[in-house]
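Written below as structure tokens is the structure these notes are about.
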Amino acid sequence: MSKKQENKIGLDFKTDWAYAPAPEDTKHITLQKQYDLFIDGKFVKPNSKKYFDTINPATEQKIAEVAEADEKDVDKAVKAARKAFEKWSKISAKERGKYIYRIARLMQERAREFAVIETMNGGKCIRESRDIDVPLAANHFFYNAGWADKLEYAFPNRNPQPLGVAGQIIPWNFPLLMAAWKIAPALAAGNTVVLKPAETTSLTALKLAELFRDSGLPDGVVNIITGAGKTGAAMVNHPDINKIAFTGSTDVGKMIQKSIAGTDKKLTLELGGKAANIIFEDAPIDQAVEGVINGIFFNQGHVCCAGSRLFIQESVADIVIRKLKDRMESLIVGDPMDKNTDIGAINSKEQLLKIQEYIKIGKNEGADFYQSSCAIPSKGYYCRPTLFLNASQSHRIVQEEIFGPVLTIQTFRTIEEVIEKANNIAYGLSAGIWTDKGSKIFNISSKMRAGVVWANTYNKFDPASPFGGYKESGFGREGGLHGLMPYLKF
Ligand code: NAI
Ligand code: MG
């Protein structure tokens, strides 16, 4: 790997299982003009006959039309999943595992297609789709395939049983990866699935549907229906769904929780975040700066566990900020299909407007605004990497999730002060600590009200480690053994 490549965001994610062909050329990727719903093993037209446009946020050009599922389609998908459950839950666990392994391998074989479509539809850099999203998604299938016939050992003397039909609603920031996070454990545990991708990024989930079909997975075991919030709500309210798994905004998470109250549906929620990334004076400064860059600018900052609040110990604040600004100047914002790009396109116009609104709010609140001076394309949705220095705890830009490449910076003197500030927030998904001292890491991580705490690294993901939040970041865990539990009854 050349020096130049090493110097990129996301290097941390490079894993030995990465299957990484060069997907930067799109010549061999075939996209349909129109995409239907995937129900009972077949692509079918939506009841309403309505389709909506899906675009490439990097160019604002229409890519294809996607079916809008209404209540009748949701019902059809749930019925297919119910019928399939009768068989799927009864075949031997070893057979179930084989299907899931096959899905994982097919995903590796088609990694190039998945990566290119993910980047075209969602705006994330091809380097990230190729080296992180796709291999990690395949690895979630591999990992969970291994559990399928070992649940009795994983949960000894507890007789684990599947729940039934799982309704899964996912967001647009990691479309394929979130589908894998949700589908793989559900299948390994013996459930069947109806999954709805986010309306701006349906295409890799529909590609996944093709892969399920080609893998020989029995009809109806996974159904993919597309549409926006109304379709999602129809799923949540369907009486024959046993479990809802949701990743998205805290507002919608709360609505879902209200609408299933009083039913016996199980629920897991992965919601927003506003993580503290804390640099102590004894930290390896260059490594910490790199971690901060990765923490906030990876995936354009559309990351629920993004390190969006930086806390720097006062004695090293000047040097950290200087190095951070220098490093920001080196980041390339632009065409996500170019493998040299560091920050791709903002996922949608709506999200860009939201980020711009927060930038305005931050300026009005009196924090010091700083943006890198890089060029950005004239067409498409882009945002330069942004800092707000001297932010205060009460600022909205510090308290609310922006979900873009915008970092707030606060300084601190003592450990007690930074723990207090880091936890004084509605969210509790993740945190980062940068220090040379192991004892400090143990002390502080045990006091962080956050589901994941990274030490001297950031945004490290592995299918074997559980992920999830406290407080308004949701409940339930995904990944690892903990991630199987919400799909089982004991
Ligand atoms: P959203 O929560 O509205 O969308 C997430 C998913 O929920 C999509 O599939 C959407 O179609 C579905 N959905 C929307 N309304 C629904 C309803 N009433 N019932 C069932 N499903 C519904 O998020 P949105 O509007 O795309 O983004 C708004 C903000 O939410 C972002 O700016 C960001 O701050 C946050 N967000 C957080 C995510 C995370 O991973 N924690 C992911 C996406 C958004
Ligand atoms: Mg919404």
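So residue 278 passes all but one of these: (1) in a strand (DSSP E or B); (2) within 11 Å of ligand 1 (Cβ to nearest atom); (3) of a type in the set (A, V, I, L, M, F, W, C). Which condition number does it fail?
With (1) in a strand (DSSP E or B); (2) within 11 Å of ligand 1 (Cβ to nearest atom); (3) of a type in the set (A, V, I, L, M, F, W, C) applied to residue 278, the lone miss is (2).
Could you give me the residue pairs with C-beta distances under 8 Å whose first residue belongs to segment 176-200 and is free of Cβ contacts under 8 Å to residues at least 40 places away in the same chain, whose second residue is assigned to a loop (DSSP other than H, G, I, E, B) wherever it lies, and which are 6+ apart or on separate chains?
Within 8 Å, the pairs are 195/170; 195/225; 197/170; 197/172; 197/226.
Within segment 59-112, how many residues turn out to be more than 23 Å from the chain's Cα centre (by Cα), hydroxyl-bearing (Ser, Thr, Tyr) and open to solvent by 50 Å² or more (accessible area, probe 1.4 Å)?
Qualifying residue count, segment 59-112: 1.
From 278, 343, 319, 296, which residue is in contact (Cβ under 8 Å) with a residue 12 or more places away in the chain, aliphatic (A, V, I, L, M), surrounded by fewer than 23 Cβ atoms within 10 Å (Cβ to Cβ) and farther than 30 Å from residue 236 by Cβ?
Selected residue: 319, the only one of 278, 343, 319, 296 that is in contact (Cβ under 8 Å) with a residue 12 or more places away in the chain, aliphatic (A, V, I, L, M), surrounded by fewer than 23 Cβ atoms within 10 Å (Cβ to Cβ) and farther than 30 Å from residue 236 by Cβ.
What number of residues within segment 237-249 are more than 11 Å from ligand 2 (Cβ to nearest atom), under 26 Å from residue 354 (Cα atoms) and among the polar types (S, T, N, Q)?
Adding up the residues that qualify gives 1.
Looking only at segment 383-412, count how many residues are surrounded by fewer than 23 Cβ atoms within 10 Å (Cβ to Cβ) and under 13 Å from residue 334 (Cβ atoms).
Number satisfying all stated conditions: 2.
What number of residues in segment 335-355 are farther than 16 Å from residue 297 by Cβ and polar (S, T, N, Q)?
Here the count works out to 1.
Taking residue 365 as meeting all but one of (1) more than 16 Å from ligand 1 (Cβ to nearest atom); (2) out of contact with any helix residue (DSSP H, G or I) (no Cβ under 7 Å at 6 or more places or on another chain), write down the number of the exception.
For residue 365, the exception is condition (2).
Out of all the residues in segment 306-315, is one or more part of a loop (DSSP other than H, G, I, E, B), among the charged types (D, E, K, R) and surrounded by fewer than 23 Cβ atoms within 10 Å (Cβ to Cβ)?
There is no residue in segment 306-315 that is part of a loop (DSSP other than H, G, I, E, B), among the charged types (D, E, K, R) and surrounded by fewer than 23 Cβ atoms within 10 Å (Cβ to Cβ).
All but one of (1) open to solvent by less than 10 Å² (accessible area, probe 1.4 Å); (2) assigned to a strand (DSSP E or B) hold for residue 115; which doesn't?
That leaves (2) as the condition not met.
In the list 185, 197, which residue meets the criterion of being within 14 Å of ligand 1 (Cβ to nearest atom), buried (at least 24 other Cβ atoms within 10 Å of the Cβ) and over 17 Å from residue 271 (Cβ atoms)?
197
Output the number of the condition that residue 124 fails; it satisfies all remaining conditions of (1) assigned to a helix (DSSP H, G or I); (2) touching a helix residue (DSSP H, G or I) at 6+ places or on another chain (Cβ under 6 Å).
Among (1) assigned to a helix (DSSP H, G or I); (2) touching a helix residue (DSSP H, G or I) at 6+ places or on another chain (Cβ under 6 Å), the lone unmet condition for residue 124 is (1).
Among (1) away from ligand 1 (no atom under 16 Å from the Cβ); (2) in contact with a strand residue (DSSP E or B) (Cβ under 8 Å, 6 or more places away or on another chain), where does residue 217 come up short?
Condition not satisfied by residue 217: (2).
Inside segment 25-96, counting only strands (runs of 3 or more DSSP E) that do not spill past its ends, which hold 2 or more residues that are closer than 30 Å to residue 335 by Cα?
51-56, 61-67
Which one of 248, 229, 273 is in contact (Cβ under 8 Å) with a residue 60 or more places away in the chain, within 10 Å of ligand 1 (Cβ to nearest atom) and open to solvent by 10 Å² or more (accessible area, probe 1.4 Å)?
248
Among the residues of segment 251-270, write down those that are closer than 30 Å to residue 294 by Cα, open to solvent by less than 30 Å² (accessible area, probe 1.4 Å) and within 16 Å of ligand 2 (Cβ to nearest atom).
253, 269, 270
Filter segment 459-482 down to the residues that are in a loop (DSSP other than H, G, I, E, B) and open to solvent by less than 30 Å² (accessible area, probe 1.4 Å) and list them by number.
Passing the criteria: 459, 463, 468, 469, 473, 476, 479, 480.
Within segment 136-189, count every residue that is within 16 Å of ligand 2 (Cβ to nearest atom) and aromatic (Phe, Trp, Tyr).
Total meeting the criteria: 1.
The values are calculated or read from the model by the stated rules, or taken from the named source; none is laboratory data. Since the structure is predicted, the reported quantities are computational estimates derived from the model, not experimental observations. Don't worry about glycine lacking a Cβ; one is built from the backbone with ideal geometry, like all the others, and counts go over all protein chains shown. The accessibility values were calculated without ligands, DNA or RNA, using every heavy atom of the protein model including side chains. Shrake-Rupley method; radii C 1.70, N 1.55, O 1.52, S 1.80 Å.
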